[in-house]
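Okay, structure first, notes after.
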Amino acid sequence: MLGFIARRTGLSLLIVVLAVSLLFGMIHMIPGDPASVLLGPRATPELRAELNERMGLDQPIVVQLGRFLGNAARGDLGEDVFSNRPVADIVLEQLPFTLMLVFAAIGAATLIGVPLGCFSAIRRNSLLDRIAGILSVGFIAVPSFVVALYALLLLSVELRWFPAIGAGETGDWASMAHHLVLPALALGLGWVGYIARLVRASMLEVMGENHIRTARAFGLPERVVIGRYALRIAILPTVTILGLGIGTMLSGALFAEIVFSRPGVGKLLYEAVMTRNYPVVMGTVLVTTVFFVAATLVSDIVNALLDPRLRTQGDRR
Amino acid sequence: MSRRDFLRRSAIAGLGAAAAGVPGLCWAEGDVLHIRTYNDVKFLDPALMFSGSEGLIGYALFQNLVGFKSDGSWDWELQAAEAFEQLDERRYFFRLRRGIRFNNGFGEMTAEDVKYSLERVVDPALNSPNAGDMGSLSHVEVRDRYSGVIVLDSPFAAFIPIGLCGGTGCLLSKAAMESVGGQFTIEPPASAGPYQFKSWQAQRKTVLEVNPEWRGEPTDFREIHIYPMIDVKSGELAFEAGQLDFTQTSIEAVDVFRREMPPASRMKVIQALRYYWVGMNQDHPRLRDIRIRQAIQWGIDVEAVIEAAWFGLSKPATGIIAPGLIGHREQADIPPRGDPDVARALLRDAGVRTPYRIRLDVIATALDRTAAQVIQWSLGKVGFEVELRTQDNATFNTMGMESTGERWRDVQLYIMSFFMLGDPYYATEWFVSEQVGVWNWERFRNEEFDRLHKIAMGSSDAEERDRLYQRMQHLMEASGCYRFLTHGVESLLYRDHIEPALRADGYPLYAGFRRAPVRKA
C-alpha cells in the first residue's frame, strides 16, 4: 500500500509541475499589461518599467517560471502586485470559502445521490425508480447558473428564506451555513442526479454478481447484503468520480462566487486574470491544481483501500 | 420511542427550527446602510487609490479642503477649509476650520497636515500614479497653524475640481502617516471625515462607522457596509432580496423596474459623464484616407446604436464633454442619424472597392457587443463589411499602446469609453499628440488642438475655456477619427427610507446619505 501511495504521489507532483508550467506560459502569452491596470492612465514609462522589473516581467519566461517554481517549493508564492501582500496569505484567506462551498455541494450531493441511486436499483423499474430517474436526469440537464438564478429568485427574493449575497459573518457558523445553502444547491444539484445514476447502474451490475447471490443464499438480511456487500463495490466508480468532481467544482465555484458575491479562490482568480495580476493568478492556479490533484490522489487511495485488487495491480507489473 | 420515530421527529424538529430561524430577511433596515460597489478595495491611501470605488470611500473617511456638493451638480463647497480663495492663476489661499480632529488620538488638523497631504502626492519618492491629478502643484506655504497658500508651477484650471475635490485631495494627519512609515494600503492610521474605518474583509465588505471625533453635521447612519460585487445583476437581486439599500442597476433592468418596482424602493436614472465613441486609427493603411473615415462617421446611426445598446435611455453625444460641463457642444457636426447617402458618396469618392472590409474591436460586454452589432449593420448598408472582434478588458485596454508591443499597428476601429470628471481638461488630455500610442489610439495629431489644450488648461476664464473646448471637439470630429456615441446613463436603485447623496455623475457620496422624511400614503 505504501508503494502505491508513493507512486501516486510522485505522479501527482509531476502533474502539478506540468499543469502549472503550461498555465504559466499561457498566461504570459495573452496580451495585457499589469502596469497599465495598476498604475492607471497617467503612469509614466519609468513607472511602468519599474513595476515590470519589480514583478520580474523583464526576464525571459523560462527564468520567471523557474524562479516561480523554486520559490513555490519553499512556500513563497510571491507578492500581490497591488497590495504587496504575500500571495500565499491572500489565497489561503480565500481558500476556506471555496472549500466550504465545494464540500457542502459535493457532500449534499453524495448524501442525497447515493441513497437515491441505491433506492432506484433496489426498486428497479418501479414507479418510484422511474420518478427518481426523471428527477436525476432533470437535475443533470439543468445548468447550474439556471438553478442559481431560480433559487435566488424563489428562495431569496420571493420568500426571503436565504440571503442572496455574501458568506455570512466570520465565526458565526449558523450565519455561514445559512449563506452556504443556495450556492451549494446551485453547484451540487446536477451532481445529485449524476451520482444517483452512477450508483444505480453500478448497483444493478454488482447485485447480479455471484457473491451477492451467495450472501442471499446464506440468508443474510437484505440490508446487510446491500450495505456491506453490494454498495461497497458499487461505490468505487462514484468515489473516483467524486475526486474528479471536486476538481470540476473548483472551477464551477467561480460562477457561484460571482453570482452570490461570495469570497473564494474562483473570484480571486477571475479578478486577478482581469487585472493581469500574475503573482495572484499563478498562486491561485498552483493551490487549486494541488488541491485538484490531491483530491484525485485521495480518491485513488480510497479506491485502493476499498478494493485490494487495485493496490496490488502495480506491484505485479 | 422507536429509532424510526426518533429519526422522523428529529427531522421535523430540525426543519421547524430552521424555518423559525429564517425570518423574512431584511438587513437593510435600521441605522446601518448597505451599499453595493463594483470592485473591492485595494488602496485607501489617497496617493495610491486607483479605482473610483476607493475614492468614494475616501470621501467618507477623509476631509478635503473643498469638496463636491452632494446636490447632483459639479459645484464645490468648503469642507475642511472655512475660507478658500484663488489669489491668482497659480496661488490658492486656504484657512482651516478650527477644531477638526483626527481620530486615534492624532489631534487637530493643521496647515502642516494640508502641506504634507498635498505635497506627498507629487513627491517623486512616492511614485504616486495619481500625481497627475495635482497638475503642476509645486508646494504649500504654511502661514500659520491654520492657514497657508498652495502654489502651482503653472496655471492649472482643473486644480480645484480634480486635484482638490478628487480622492487625491483627501487630507491626512502628518503625524499619523509618519507613524506608519509614510503610506498605508487599506486601514488609515487616522482620518478626520464623518466616518472612520472599521474593518475590511477581502472580497466581502468594507465597514465604516461613525467617527467619534466628527464635529460636523451629524450622520444619519451608524455604519456603512460596502459590498464589492462584480456582477451588477447580483446587486439587483440582493437589493430585491432586501440585503442592499443602494445599488446600481444594469441598463436593461431599468425598464423592468419601471414596470414593477421592488417594494419600498425608488429608482433614479441619471445621464452619465463617461464618453463613448468609435475610434479610428488614422495611421492604419485601410483608414489612412480621410474620406473612408468620414464615410464611417456618416454611416453610423448613433440613435439606432443607443436604442439597441442603451435601450434608448441615454442621449447622443455631441463630443467628449457631457452636458452641464464647460465646453459642452449643443450639437455635433455630423447629425446622430448620420446620412447613408453622404457615406456612400464619400466611399465612392475614395475609389475603393465595396464591400470595404474593416475590423471593429470591442470589449466583451453585452453593451459593447450590441453597440458593435448595430454599427456593423449600419455600416453594412453603406458599403462596409465589418468584422467584429471581442476581447477581454485588459487585452483591449492595451491594444493601442506602443509600450506593449506591435498590436497598435493592427488597430482599425474600436468602441472605446473613458471615465470622466467634472472638468473638460480630464476629457481632452488623452487626445493630445503626446498621447499618441499611449491613450490616443486614433493617432490624432493636431497642432491647434495641442495649443488650445494648453491654453484652456491654464485659463481661469470660463467663457474662454468653453469656447476653446468646443473648438477642440470640432477639430477631433473634423479629423474623421471619431464618431461620438453617447455618455451613457447611471441607473440607481435605493430604498425609499433613504435619501442618497450623489455626485453629478451619479456616484454616491456615502457620508451625505440621509434618512428620507416619512412619506404619507
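Here's the yes/no breakdown for (1) modelled with pLDDT of 90 or more; (2) surrounded by fewer than 23 Cβ atoms within 10 Å (Cβ to Cβ); (3) charged (D, E, K, R); (4) touching a strand residue (DSSP E or B) at 6+ places or on another chain (Cβ under 9 Å):
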site: B:Met49; (1), (2), (3), (4): no, no, no, no
site: B:Ile57; (1), (2), (3), (4): yes, no, no, yes
site: B:Leu65; (1), (2), (3), (4): yes, no, no, yes
site: B:Glu77; (1), (2), (3), (4): yes, yes, yes, yes
site: B:Phe106; (1), (2), (3), (4): yes, yes, no, no
site: B:Lys115; (1), (2), (3), (4): yes, yes, yes, yes
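Given the conditions (1) more than 22 Å from the chain's Cα centre (by Cα); (2) within 14 Å of chain A (Cβ to nearest Cβ); (3) within 18 Å of B:Gly58 (Cα to Cα), report the number of the one that B:Pro194 does not fulfil. Going through the list (1) more than 22 Å from the chain's Cα centre (by Cα); (2) within 14 Å of chain A (Cβ to nearest Cβ); (3) within 18 Å of B:Gly58 (Cα to Cα), B:Pro194 breaks only (2).
Among the candidates B:Gly512, B:Gly437, the residue that is among the small types (Gly, Ala, Ser) and within 14 Å of chain A (Cβ to nearest Cβ) is uniquely B:Gly437. With respect to (1) crowded, with 16+ Cβ neighbours inside 10 Å; (2) touching a helix residue (DSSP H, G or I) at 6+ places or on another chain (Cβ under 7 Å), the lone exception for A:Ile30 is condition (1).
Among the residues that make up the stretch B:230-239, is at least one of them facing another protein chain (nearest Cβ under 9 Å), surrounded by fewer than 23 Cβ atoms within 10 Å (Cβ to Cβ) and assigned to a loop (DSSP other than H, G, I, E, B)? Among the residues of the stretch B:230-239, at least one is facing another protein chain (nearest Cβ under 9 Å), surrounded by fewer than 23 Cβ atoms within 10 Å (Cβ to Cβ) and assigned to a loop (DSSP other than H, G, I, E, B), which makes the answer yes.
Each row is one residue, and each column tells you yes or no for (1) in a loop (DSSP other than H, G, I, E, B); (2) of a type in the set (D, E, K, R); (3) closer than 24 Å to B:Tyr507 by Cα.
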position	(1), (2), (3)
B:Glu82	no, yes, no
B:Glu85	no, yes, no
B:Phe93	no, no, no
B:Asp113	no, yes, no
B:Asn127	yes, no, no
B:Glu141	no, yes, no
B:Asp144	yes, yes, no
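Residue pairs whose Cβ atoms lie under 6 Å apart, sitting 6 or more positions apart in sequence or on different chains, and linking a residue in the stretch B:291-319 that is at pLDDT 95 or above to a partner that is in a helix (DSSP H, G or I) and acidic (Asp, Glu), are B:Arg291/B:Asp349.
Of the set (1) of a type outside the set (Lys, Arg); (2) in contact (Cβ under 8 Å) with a residue 40 or more places away in the chain; (3) closer than 28 Å to B:Ala253 by Cβ; (4) buried (at least 17 other Cβ atoms within 10 Å of the Cβ), all apply to B:Pro336 but (2).
Checked against (1) in a helix (DSSP H, G or I); (2) farther than 17 Å from A:Leu99 by Cβ; (3) touching a Gly at 6+ places or on another chain (Cβ under 9 Å), A:Leu254 passes all but condition (2). Just name the residue that is nearest to B:Asp361 (Cα to Cα) out of those in the stretch B:374-433 that are of a type in the set (Phe, Trp, Tyr) and part of a helix (DSSP H, G or I). Result: B:Phe396.
Within the stretch A:149-167, the residues that satisfy the criterion of being buried (at least 18 other Cβ atoms within 10 Å of the Cβ) and in contact (Cβ under 8 Å) with a residue 60 or more places away in the chain are A:Leu152, A:Ala164, A:Ile165, A:Gly166, A:Ala167.
Any residue at all in the stretch B:278-291 that is among the β-branched types (Val, Ile, Thr), surrounded by fewer than 18 Cβ atoms within 10 Å (Cβ to Cβ) and within 14 Å of chain A (Cβ to nearest Cβ)?
Checked the stretch B:278-291: no residue is among the β-branched types (Val, Ile, Thr), surrounded by fewer than 18 Cβ atoms within 10 Å (Cβ to Cβ) and within 14 Å of chain A (Cβ to nearest Cβ).
Restricted to the stretch B:94-145, and to residues there that are over 25 Å from B:Gly216 (Cα atoms) and aliphatic (A, V, I, L, M), the residue that is nearest to the other protein chains (Cβ to nearest Cβ) is B:Ala131.
Within the stretch B:191-206, track down each residue that is out of contact with any Gly (no Cβ under 8 Å at 6 or more places or on another chain) and either in contact (Cβ under 8 Å) with a residue 60 or more places away in the chain or within 30 Å of A:Tyr150 (Cα to Cα) (or both).
Residues satisfying the conditions are B:Ser191, B:Ala192, B:Gly193, B:Tyr195, B:Gln196, B:Phe197, B:Trp200, B:Gln201, B:Ala202, B:Thr206.
What tally of residues in the stretch B:240-258 results from selecting those that are crowded, with 23+ Cβ neighbours inside 10 Å, in contact with a strand residue (DSSP E or B) (Cβ under 9 Å, 6 or more places away or on another chain) and of a type in the set (A, V, I, L, M)? Looking only at that region, the number is 1. A:Val146 meets each of the listed conditions (1) touching a residue at least 24 places away in the same chain (Cβ under 8 Å); (2) loosely packed, with under 14 Cβ neighbours inside 10 Å; (3) within 25 Å of the chain's Cα centre (by Cα) apart from (1).
Against the conditions (1) crowded, with 21+ Cβ neighbours inside 10 Å; (2) modelled with pLDDT under 90, A:Thr170 satisfies every one except (1). Which of the residues that make up the stretch A:179-229 are small (Gly, Ala, Ser), more than 30 Å from A:Tyr150 (Cβ to Cβ) and assigned to a helix (DSSP H, G or I)? If the condition is that a residue be small (Gly, Ala, Ser), more than 30 Å from A:Tyr150 (Cβ to Cβ) and assigned to a helix (DSSP H, G or I), then A:Ser202, A:Ala215, A:Ala217, A:Gly227 are the ones that fit. Being surrounded by 15 or more Cβ atoms within 10 Å (Cβ to Cβ), farther than 30 Å from A:Pro34 by Cβ, more than 27 Å from the chain's Cα centre (by Cα) and modelled with pLDDT of 95 or more: is that true of B:Val140 here? Yes: the conditions hold for B:Val140. Are any of the residues in the stretch B:219-228 away from chain A (no Cβ under 14 Å), farther than 24 Å from B:Tyr494 by Cα and in contact with a Leu (Cβ under 8 Å, 6 or more places away or on another chain)? No, every residue in the stretch B:219-228 fails to be away from chain A (no Cβ under 14 Å), farther than 24 Å from B:Tyr494 by Cα and in contact with a Leu (Cβ under 8 Å, 6 or more places away or on another chain). Consider the stretch A:45-98 and keep the residues that are farther than 22 Å from A:Val17 by Cα and among the aliphatic types (A, V, I, L, M). The one that is nearest to the other protein chains (Cβ to nearest Cβ) is A:Leu47.
Quick check on my filter: what residues within the stretch A:293-304 are within 11 Å of A:Leu244 (Cα to Cα) and touching a Ser or Thr at 6+ places or on another chain (Cβ under 9 Å)? Hits for the stretch A:293-304 are A:Val293, A:Ala294, A:Thr296, A:Leu297, A:Ser299, A:Asp300.
Selection of first residues in the stretch A:51-63 that are within 27 Å of B:Pro129 (Cα to Cα) and of second residues that are part of a loop (DSSP other than H, G, I, E, B), restricted to Cβ pairs under 7 Å at least 6 apart or on distinct chains, gives the following pairs, ordered by first then second residue: A:Asn52/A:Asp58; A:Met55/A:Val81. All of B:Leu493, B:Leu509, B:Leu485 fail the test of being within 19 Å of the chain's Cα centre (by Cα), within 30 Å of B:Phe239 (Cβ to Cβ) and surrounded by fewer than 20 Cβ atoms within 10 Å (Cβ to Cβ), apart from B:Leu509. Quick check: is even one residue across the stretch B:403-420 at pLDDT below 95, away from chain A (no Cβ under 14 Å) and closer than 30 Å to B:Lys233 by Cβ? Within the stretch B:403-420, not a single residue is at pLDDT below 95, away from chain A (no Cβ under 14 Å) and closer than 30 Å to B:Lys233 by Cβ. A:Ile106 passes every criterion in (1) within 13 Å of chain B (Cβ to nearest Cβ); (2) farther than 30 Å from A:Leu51 by Cα apart from (1). Of everything in the stretch A:65-87 that is in contact (Cβ under 8 Å) with a residue 40 or more places away in the chain and within 30 Å of B:Ala47 (Cα to Cα), the residue that is surrounded by the most Cβ atoms within 10 Å (Cβ to Cβ) is A:Val87.
The values are calculated or read from the model by the stated rules, or taken from the named source; none is laboratory data. Remember, predicted model here, so these are calculated numbers, not experimental data. When we count neighbours, we look across all protein chains shown, and the Cβ atoms used for this are built from the backbone with ideal geometry, even at glycine.
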